[in-house]
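Inspection log for the structure reproduced underneath, given as structure tokens.
The values are calculated or read from the model by the stated rules, or taken from the named source; none is laboratory data. As the structure is a prediction and not an experimental result, all values here were calculated from the model. Counting neighbours? That spans all protein chains shown, and the Cβs are built from the backbone with ideal geometry, glycine included.
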Amino acid sequence: MWDYSEKVKQHFFNPKNAKLVSDANARGDVGSISCGDALSLSLKVNPDTEIIEDAGFQTFGCGSAIASSSALTEIIIGKTIDDALKVTNQEIADYLDGLPPEKMHCSVMGMEALHAAVANYRGEVLEDDHEEGELICKCFAIDDLMIKRVVKANGLQSLEEVVNYTKAGGACTSCHEKIEWVLDEALAEMAEAGIDVAAVAKAKAKVAAPQPEIAASSKPQAVTESSSEDDAELAKRKAIIEQVIDEVRPAVHADGGDIHLVDVEDHLVFVSMSGNCSGCGLSGLTLANLEIKISDALGETVTVFPLQPSYDEAEKKEATYDL
């Protein structure tokens, strides 16, 4: 599973500027709750100096999305609009001491929200119906222009990298062929402009913090050394959580998926999703609903984390955190 930097954890558990700026004069909204990731960025811009005096975010997504949004606001507060627009998704990732490759799309979402907010401030209209670009991924509403932009900015060279950085093709595989066509076009354009894509990728790799995988056996354990009272309390909490999951499972089964409790650690509840729920764009809604129900049942606020199996069913100890 992935080993997240301390800064990612800090910005997830204690995000900065997680708010709607009340006197904002700029706002950028990207993503969609139905797709599992959405970000609303609000800014207070001084009209005389064009300095961003305050910034806030509201996001629906994974831990990396929250951390990336928090980092973005910290980076741009105090900058002029023009300087803020120079911020790249890589800078957001670097600020967090790196993100796993599979989560780089979270930093890209922050960059897109910033551009949308600045356009809103300047009275510009960003096309939402993809009249300027061809819609490639219907699941996440990603067009060819965005894919090309991210490919060129980060030196991407493979389909897997494009999926990681844009989320295009992440819910299903029907658009993978189109993504590869766009990738080839972007690489051809870079070659024609004399840009060495390998050099760009190498430069990015030098500044990106490594994200080593850790053994499955080192996954946080709910209880290592505890009294019998602690064991009893944990068992009681797990029983309540299992009961809540049993209540939502029929609806999940109806969609061709399944959900199971994996572990509980303090206020963190780890679950696994399988079948059609694994990688489904709507799984975020299921998890959000489950989180509310479990919190109500326990009488305390909990956070539900999905674990994505990266193993054969016979080896159920290998899993990957979906922060």
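For residues that are over 27 Å from Leu159 (Cβ atoms) and either touching a helix residue (DSSP H, G or I) at 6+ places or on another chain (Cβ under 8 Å) or in a loop (DSSP other than H, G, I, E, B) (or both), tally how many sit in segment 98-118.
Going through segment 98-118 one residue at a time, the tally reaches 1.
Please enumerate the residues belonging to segment 4-61 that are outside any helix (DSSP H, G or I), of a type in the set (Asp, Glu), in contact (Cβ under 8 Å) with a residue 40 or more places away in the chain and more than 20 Å from Glu291 (Cβ to Cβ).
Of everything in segment 4-61, just one residue is outside any helix (DSSP H, G or I), of a type in the set (Asp, Glu), in contact (Cβ under 8 Å) with a residue 40 or more places away in the chain and more than 20 Å from Glu291 (Cβ to Cβ), namely Asp29.
Can you run down the residue pairs with Cβ atoms below 8 Å, 6 or more apart or on separate chains, where the first is in segment 186-197 and within 18 Å of Val162 (Cα to Cα) and the partner is loosely packed, with under 12 Cβ neighbours inside 10 Å?
Close Cβ pairs satisfying both conditions: Val197/Ala191.
Could you count how many residues in segment 22-81 are more than 19 Å from Val108 (Cβ to Cβ) and touching a Pro at 6+ places or on another chain (Cβ under 8 Å)?
Residues in segment 22-81 being more than 19 Å from Val108 (Cβ to Cβ) and touching a Pro at 6+ places or on another chain (Cβ under 8 Å): 1 in total.
Only one residue in Ser174, Ser217, Ser226 is in a helix (DSSP H, G or I) and modelled with pLDDT under 90. Which one?
Being in a helix (DSSP H, G or I) and modelled with pLDDT under 90 holds for just one of Ser174, Ser217, Ser226, which is Ser217.
Please tell me if Ser64 is in the same structural domain as Ala113 (by TED's automatic domain parsing), under 25 Å from Thr301 (Cβ atoms) and over 13 Å from the mean Cα position of the chain (by Cα).
In short, no.
Take Ser70 and tell me if it is modelled with pLDDT of 90 or more, buried (at least 18 other Cβ atoms within 10 Å of the Cβ) and within 25 Å of Phe12 (Cβ to Cβ).
Yes, satisfied.
Residues that are within 22 Å of the chain's Cα centre (by Cα) and modelled with pLDDT of 80 or more: find the strands (runs of 3 or more DSSP E) completely inside segment 242-316 holding 1 or more of those.
Those strands (runs of 3 or more DSSP E) span 257-265, 268-275.
For segment 139-192, how many residues meet the condition of being surrounded by 20 or more Cβ atoms within 10 Å (Cβ to Cβ) and of a type in the set (S, T, N, Q)?
The qualifying residues number 3.
Within segment 36-57, identify whether any single residue is out of contact with any helix residue (DSSP H, G or I) (no Cβ under 8 Å at 6 or more places or on another chain), within 23 Å of Thr166 (Cα to Cα) and at pLDDT below 85, and answer yes or no.
Within segment 36-57, one or more residues are out of contact with any helix residue (DSSP H, G or I) (no Cβ under 8 Å at 6 or more places or on another chain), within 23 Å of Thr166 (Cα to Cα) and at pLDDT below 85.
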